[in-house]
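The values are calculated or read from the model by the stated rules, or taken from the named source; none is laboratory data. The structure displayed is predicted, hence computed values, not measured ones. Quick reminder, even Gly has a Cβ in these numbers, built from the backbone with ideal geometry, and neighbours come from all protein chains shown. Surface accessibility is based on the protein's heavy atoms, side chains included, excluding ligands, DNA and RNA. Shrake-Rupley method; radii C 1.70, N 1.55, O 1.52, S 1.80 Å.
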Amino acid sequence: MFNYLNGLITEVTPDYIVVDIQGVGYQVQVANPYAYQAGVKDPVKVYIYQSVREDSITLFGFQSSADKHLFLQLISVSGIGPKSALAILETPDHQALIEAIQQGDDKYLAKFPGIGKKTAGRIIVELRDRLTIDEQPMNATASMPISDDPALMDAMAALIALGYTEKQVAKVEKTLQKEAAGSTNDYISRGLKLLN
């Protein structure tokens, strides 16, 4: 599984960007392709979620691990797929999004493409207690108050996606930081043992 791609942006389209890594171009769907610039000579880090289906493999990209974390929270909701979650993340104001979920504002959520009132209600029910303004990303440049170890950040997001609360995950995070388990899978495995 990909954690991130570190390469040059060679193409920007309305739907996706192309990240070139040593001559191989990876097509990555992102919420706002025009936030990236093609032709810049400095490599760009794009955090990745890989979706594998019977008929396709799709890469979804994010400017920060915090954005990826919020995306993982959204797709953990029944009825929200990667494309719907990406459409929701097109809003630049992630704080307003989180506040709407916390306050039960289904009208705000229902304005996003493919999100009806029932789906908005599920988002509120399933995420209201798992998202807090202090713990979640506010915009593309925000960073989570979590370790800067990408493997550990992905593991924490995975544990939350499995249904553990932010508080539960925060408690084991400190222990995992000290242990420096290594890979994302190692962190997840150890984290599950600590949580259980």
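Figures for the structure shown
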quantity: For segment 150-195, accessible area per residue (1.4 Å probe, heavy atoms of protein chains only), Å²; calculated: 52 Å²
quantity: Proximal lysines relative to LYS167, as straight alpha-carbon distance under 20 Å, when same-chain residues fewer than 8 apart are discounted; calculated: LYS68, LYS178, LYS193
quantity: Value of [θ]222 nm, deg cm²/dmol, for the chain, DSSP H segments ≥ 4, -39500 (n - 2.57) each, nearest 500; calculated: -12000 deg cm²/dmol
quantity: With every protein chain in place, the chain: carbon and sulfur % of accessible area (1.4 Å); calculated: 48 percent
quantity: Antiparallel DSSP beta bridges within the chain, percent to nearest 5; calculated: 90 percent
quantity: Within-15-Å neighbourhood charge of SER56 [Cβ basis; K, R +1; D, E -1]; calculated: -1
quantity: Net charge over other residues, Cβ less than 13 angstrom from the Cβ of ALA120 (K, R count +1; D, E count -1); calculated: +3
quantity: Lys/Arg +1, Asp/Glu -1 at C-beta; the chain dipole; positive extreme among ILE98, LEU8, GLY23; calculated: ILE98
quantity: Accessible surface, segment 66-136, averaged per residue in Å² (probe 1.4 Å); calculated: 45 Å²
